[in-house]
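One structure is given here, and the rest of the page talks about it.
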Amino acid sequence: MHYRSIEDLNHTIQTNVGLLPRDIDLVVGIPRSGLLAATLVSLALNLPLADLEGFLAGRILSAGSTRRRDLFDLPVDAFRRVLVVDDSILSGGSMREAREKIAAAGQSDRCVFCAIYGLEEPSDLVDVVLETVPRPRIFQWNIMNHRILEHCCFDIDGVLCADPTKDENDDGPLYSAFLDSARPLLLPGRRVGHVVTSRLERYRPQTEAWLARHGIEYGKLWMIDLPTAEERRRRNAHGSFKAQVYASTDAKLFIESEERQAIEIAHLSKKPVLSIETQTVILPDGHLDAKERARRRAARLRERLSSERRGWRRFLKRRLQRLVGEKRARQVQSYWQGRKKPAPAK
């Protein structure tokens, strides 16, 4: 499972901004996920920003007080080269729809189309991909509406709602009041497979009422059947209980609030866990020794660098095709491939 956080998104943009054409003077985001990516690109390049519908209607977003208005508050027609950005491309539906709208408005000639994350297989719908990320993949900015939620286990405290304070966590009247009024955090936009919590079974009525009040649909609610919170702490049953439930289901991902528990759950269940605390997916090898973890991190880094090099090659190939035509570009490519072959042994 491949996961990218908002921090990863910004890192990908900052480190690969050189792949983008140098003559870009306006960035346009494709709603909805593409707006976040386009905003980060526009900030990295210090360029004006527009959403797709605004661009087609002749509007760009206001520059604000810290930008030079003579450079940013211009009519759309004043921009010569437009970068149209989406966060990713998979089936290509969003990018295809955007291209059709832009073509209908007669704006295609000045547009370059970019996806921050793409697949290994090239797509004719985009001109530039900044990083290839294979399937299955999930992004922080749209996971709460992803169809994988139907195959997920969700923690409650620290994920669906805020954690109780130290005073509220008294296993008494203050805790009961917390259960009734807990502040919602990450509310899923679709049904989730399982809600798994180390809350005690006797708090099921309040927990079910809170979930219903906030419109959270789920398959099954799992709670730990112990008499007191003190007994739960004595047994250190938080992570082990969640791991046991996770392993017994067909769920593909556990979404846990704490990094420490995420590592424990991944280790015991032998399945991946998303840590909300660090916005990383903990794999079952998270319990490996430091040397092995370092080796695997290095392998992932090599994979990412290789992806960036492939992105450069695709970009240069497309630029060459635009400049000299597809047939001539193939001839140039064949020539350079021939130059790279080793000389025959004498």
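Values quoted throughout were computed directly from the atomic coordinates according to the rules given, and no laboratory measurement underlies them. In this text the structure is predicted, and so the values were computed from the model without any measurement. Glycine also receives a Cβ, built like all others from the backbone with ideal geometry; neighbour counts cover every protein chain displayed.
Tell me whether segment 188-280 comes out rounded, prolate or oblate; compute the Cα gyration tensor, take square roots of the eigenvalues as a ≥ b ≥ c, and use a/c under 1.5 as the rounded threshold.
Details: a/c = 1.67, a/b = 1.05, b/c = 1.59.
Verdict is oblate for segment 188-280.
Peptides 35-44, 170-179 ranked from most to least packed give 35-44, 170-179, packing being the mean of other C-beta atoms within 10 angstrom over each peptide's residues. Extension gain, Glu7-Asp225: 0.36 nm per intervening residue step, less the Cα-Cα distance, totals 74.7 nm.
So what's the net charge close to Glu201: Lys and Arg +1, Asp and Glu -1, counting the other residues with Cβ under 14 Å from its Cβ?
+1
Ranked by the mean number of other Cβ atoms within 10 Å of their residues, highest first, the peptides 78-84, 104-110 come out as 78-84, 104-110. Look at the Cα gyration tensor of segment 231-277: its axes a ≥ b ≥ c give a/c of at least 1.5 with a/b at or below b/c, and that counts as oblate. Put simply, when 231-238, 133-140 are sorted by average Cβ atoms within 10 angstrom per residue, most first, you get 133-140, 231-238. When the square roots of the Cα gyration tensor eigenvalues are ordered a ≥ b ≥ c, the ratio a/c for segment 16-129 is 1.5 or more and a/b exceeds b/c, which makes its shape prolate. Net charge in the neighbourhood of Ala37 (other residues with Cβ under 14 Å of its Cβ; Lys, Arg +1, Asp, Glu -1) is -4. DSSP assigns beta bridges within segment 69-216; of those with both partners inside it, close to 5 percent run antiparallel. As a proxy for reagent exposure, ranking Thr165, Thr12, Thr280 by other Cβ atoms within 10 Å from fewest up yields Thr165, Thr280, Thr12. Seen from Leu174, the other residues with C-beta closer than 12 Å to its C-beta sum to a net charge of -4, counting Lys and Arg as +1 and Asp and Glu as -1.
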